[in-house]
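The values are calculated or read from the model by the stated rules, or taken from the named source; none is laboratory data. This one's a predicted model, so the numbers in the text were calculated from it and none came from an experiment. Reconstructed Cβ throughout: ideal geometry from the backbone, glycine too, with neighbour counts over all protein chains shown.
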Amino acid sequence: MKGPWGYPLKGDGDTALYTFLRWLAVPFFGGLYRCRVRGAEHLPRSGPALVVMTHKCFWDPVVAGMVFARPLRFMAKRELFANRQAARFISSLGAFPLDRGAGDRAALQTALAVLERGEVLLMFPEGHRQIDDAVHEFMPGVGMIALRSGAPVIPLALDGTQYMWRDGRPGFPALRGQVGPPVDLSDITTRNSKAYREAARRMFAAVAELYAGL
């Protein structure tokens, strides 16, 4: 079911809450922030997929969730789950906890389980939120998840969210984005740290190329 600006108002596999938030997000981001993202058709209609993008703003997973016609799962820092009600809310949106910088094996296993179930996993491979205009090096963990799962990797460039809140004041930038075709990792047949770094490098290059075309 398509809404204004071509964004889905109900996705395949949405919970009722997820659909409700789509109805809020489309006029908010599509209207107020003039969000226009091309290429969402590159996400497979079924089966596992790994969406990779930079992380410039708290709202990035919400905008990405609005763009695609399937619900997204994503890692969120464990501190956001400290409050029981907040944890219940963000979990209902697809988030699961991550201990940043701690080599969180539980989060890794959850990510692989998400893909094994044929769902869509959203990852921010830079590791931390970066509010500048650059694309920063991707961490090799995303390469490990991609190669171990075998899921297609869909790159997404989203620009403008870094200006939605600057110096303590809200801004109203026009948001622009581009989704690219799957990143080709088919020739990487080994499963070691070198292979994971190479897979992450290719994902980084794909996202950076999309930004260059915005």
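Within region 167-187, none of the residues are surrounded by fewer than 14 Cβ atoms within 10 Å (Cβ to Cβ), modelled with pLDDT of 95 or more and part of a helix (DSSP H, G or I). Across region 117-131, a minimum of one residue is classified as polar (S, T, N, Q) and under 30 Å from G31 (Cα atoms). Look at (1) in a helix (DSSP H, G or I); (2) at pLDDT 85 or above; (3) closer than 29 Å to G143 by Cβ; (4) small (G, A, S) and you find that S46 fails only one, number (1). Scanning region 1-36 for residues that are within 14 Å of P61 (Cα to Cα) and either of a type in the set (A, V, I, L, M) or in a strand (DSSP E or B) (or both) yields a count of 3. From the list I154, I131, pick out the single residue that is out of contact with any Cys (no Cβ under 7 Å at 6 or more places or on another chain), hydrophobic (A, V, I, L, M, F, W, C) and at pLDDT below 95. Only one candidate qualifies: I131.
In region 17-33, the qualifying residues are those that are among the hydroxyl-bearing types (S, T, Y) and in contact (Cβ under 8 Å) with a residue 24 or more places away in the chain, and the one that is nearest to W5 (Cα to Cα) is Y33.
Within region 21-51, the only residue that satisfies the criterion of being under 29 Å from D167 (Cβ atoms) and within 15 Å of the chain's Cα centre (by Cα) is V37.
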